[in-house]
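Worksheet for the structure shown next.
Each value in this text was obtained by applying a stated rule to the coordinates, not by laboratory testing. Being a predicted model, the structure only gives us computed values, none of them experimental. Cβ placement follows ideal geometry from the backbone for every residue including glycine, while neighbour counts extend to all protein chains displayed.
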């Protein structure tokens, strides 16, 4: 049903010091990083889904799933925003699952304009629960955040949501359900794909919004501020003090 592919059968090479390199190399063709990062293949709705599971640092707080941007624009689970978010979640005590949507890397299937990708996200939630237990923090960057928003309604396993660069300029706001759990949205002040004013109109007072001054959609050069905002949010939900 679920499997971790044998590293030697997948042509392992020396582990990278970082899990992120944006080379496009499928993660299941790389060795584990220090025993804390494991490549896997799991069954998804369109075939195998490829991903990386990172063990938490310190006492376990639960699990997390964080999804990558648009598959047709070359995005993968190695995207730097996804990597930074995953690293931050792991440091906060969450086992973190990053996965490639259908048709990306070794994930099977074809791009499905967000419909099938929402199902992929649900399958990733199942895998995260299996590997790391509950509760689950769900999230994603750009296209991945939209898939996550559509995947989590009614799922009692999800305790919080993190959306970075929600693409409200290209996704009809009415098609994106507002999360019913504590939520953080991070946006660059110069983001043309999800402008801050659109985000505020859509989210209103239902979530915490952090605007990064001078940053674009990709938070280029400002990823430390993403980690700072996410760290504070995770600390607050652990204390139960967030909305």
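Annotations
- Convex hull volume per residue in cubic angstrom - Cα atoms of region 40-167: 84
- Among beta bridges identified by DSSP and lying wholly in region 2-239, the antiparallel ones come to about 35 percent.
- Theoretical FRET efficiency, 1/(1+(r/R0)^6), r = Cβ-Cβ of residue 134 and residue 80, R0 41 Å, to 0.05: 0.90
- Separation of alpha-carbon centers, region 77-140 and region 152-176, rounded to whole Å: 14
- q = 0.16 Å⁻¹, region 2-239: log10 I(q)/I(0) [Debye, one scatterer per Cα]: -1.09
- In terms of its C-alpha gyration tensor, region 194-242 comes out oblate, because a/c is 1.5 or above while a/b does not outweigh b/c.
- With all pairs of separate Cα atoms included, region 140-214 yields a Kirkwood hydrodynamic radius of 12.1 Å.
- log₁₀ of I(q)/I(0) at q = 0.22 Å⁻¹ - region 118-243, Debye sum with one point per alpha carbon: -1.36
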